[in-house]
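The values are calculated or read from the model by the stated rules, or taken from the named source; none is laboratory data. Because the structure is a prediction, the values reported are computed rather than measured. Glycine also receives a Cβ, built like all others from the backbone with ideal geometry; neighbour counts cover every protein chain displayed.
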Amino acid sequence: MDNQANLETAQARIAEAPDPAALAALERELLGKDGLLGQQLSAIPSLPPAERGPAGRAANELKTALTAGLQARATELAQADLARDRAGVGFDATLPPPQVERGSLHPITHVTRKLVEVFTSMGYHILDGPEVELDWYNFEALNISADHPARDSQDTFYCDEKGSLVLRTHTSPVQVRAMERLTPPFRLVCPGKVFRQESTDATHEHTFHQMEGLVVGKDISVGHLVGTMKTLLRGIFGRDIDVRLRPGHFPFVEPGFELDARCVFCSDGCRVCKGTRWIELLPCGLVHPKVLQAAGIDPDEWSGFAFGLGLSRLVMLSHGIDDVRHLLGGDLRFLEQFSC
């Protein structure tokens, strides 16, 4: 059978292809290695040299014609499907639509946005900074020298051999950068992700979230700090909550405190407060003069207070979560419980 006859037979079969799947199978049969075109191409090397040129040209012409026919039939089938869709053939308007899966905010995102709203209403700036930080901003400028024992408790991830780059262990470096750039008085909070090199368990994680705050102004006192914390708790829980201060030592504040809040889950003691009716909430205190000096602020003229709130801990307390690893585990069964 010559090329013309082969082409006419193939074109007839192409025109009869009932659907795209049958057309694709026919394309493999005609243009594939073992198909009509493949057989002609494989036979060319065995022909006399004088016949190879004409045979090659004939094979190319056959390929061009078959390809054009296949493309034309594919267009016809697509237009036919479109016409059926427009006519509503096979469409049942009474069937319910596919269910759209509804997402939700991560609980940490939800509580962060709520806190941002509270602090914005009090005139605070919301700032962010790099997660890979210079040792100066993460430690030295916060009155944590190279030999300070507080460095041991930070369990730092170092990013270079010299130890000059670290994954930030708190969001306090953002406060230092802000003090260098802003002119007092100012108020700011810094929410973000922080990193500690420690073994993970139900209450410890190598990655967690914090929100640290800083106020610098004239004659700032502990009373301003307590008032701000009460406003913060009222914004979160919707009612006034008693607080208390216990002495605490932190290199970047003097004096330093641990602030406890009256348990919002009970009146006589519960599992969350361990029967004490108080929940340890956050460290805080008046900004150490050396921290102000390191940022170029005169401690004789300006003072301030700072605090650090663990967002992961706050989410766990708010929702009764007993394992911090759930928050970053990525398990949809856990996350789907929060319709925030």
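Annotations for the structure displayed:
- Some residue of the range 108-122 being farther than 23 Å from Leu309 by Cβ, hydroxyl-bearing (Ser, Thr, Tyr) and assigned by TED's automatic domain parsing to the domain that holds Asp219: no
- Residues in the range 298-340 that are among the hydroxyl-bearing types (Ser, Thr, Tyr) and assigned to a helix (DSSP H, G or I): 2 in all.
- Between Ala10, Ala17, Ala55, the distinction of being surrounded by 13 or more Cβ atoms within 10 Å (Cβ to Cβ) and not in a helix (DSSP H, G or I) belongs to Ala17 only.
- Selection over the range 239-293 of residues that are outside any strand (DSSP E or B) and on the phi > 0 side of the Ramachandran plot gives a count of 4.
- Pairing each residue of the range 209-230 that is in the same structural domain as Val315 (by TED's automatic domain parsing) with any residue that is surrounded by 15 or more Cβ atoms within 10 Å (Cβ to Cβ) and among the polar types (S, T, N, Q), provided the two are 6+ apart or on different chains, yields C-beta distances under 6 Å for His209/Ser312; Gln210/Thr171; Glu212/Thr171; Glu212/Ser172; Leu214/Gln175; Ile220/Ser303.
- Single match in Asp160, Asp152 (criterion: assigned by TED's automatic domain parsing to the domain that holds Met316, acidic (Asp, Glu) and either over 30 Å from Gly330 (Cβ atoms) or surrounded by 13 or more Cβ atoms within 10 Å (Cβ to Cβ) (or both)): Asp152
- Residue within the range 80-87 that is within 19 Å of Ala12 (Cβ to Cβ) and surrounded by 12 or more Cβ atoms within 10 Å (Cβ to Cβ) present: no
- Every residue from the range 106-122 that is aliphatic (A, V, I, L, M), touching a helix residue (DSSP H, G or I) at 6+ places or on another chain (Cβ under 9 Å) and in a helix (DSSP H, G or I): Ile108, Val111, Leu115, Val118
- Within the range 58-105, tally of residues that are of a type outside the set (A, V, I, L, M), in contact (Cβ under 8 Å) with a residue 24 or more places away in the chain and part of a helix (DSSP H, G or I): 5
- Residues of the range 146-200 classified as part of a helix (DSSP H, G or I), modelled with pLDDT of 90 or more and among the charged types (D, E, K, R), total: 3
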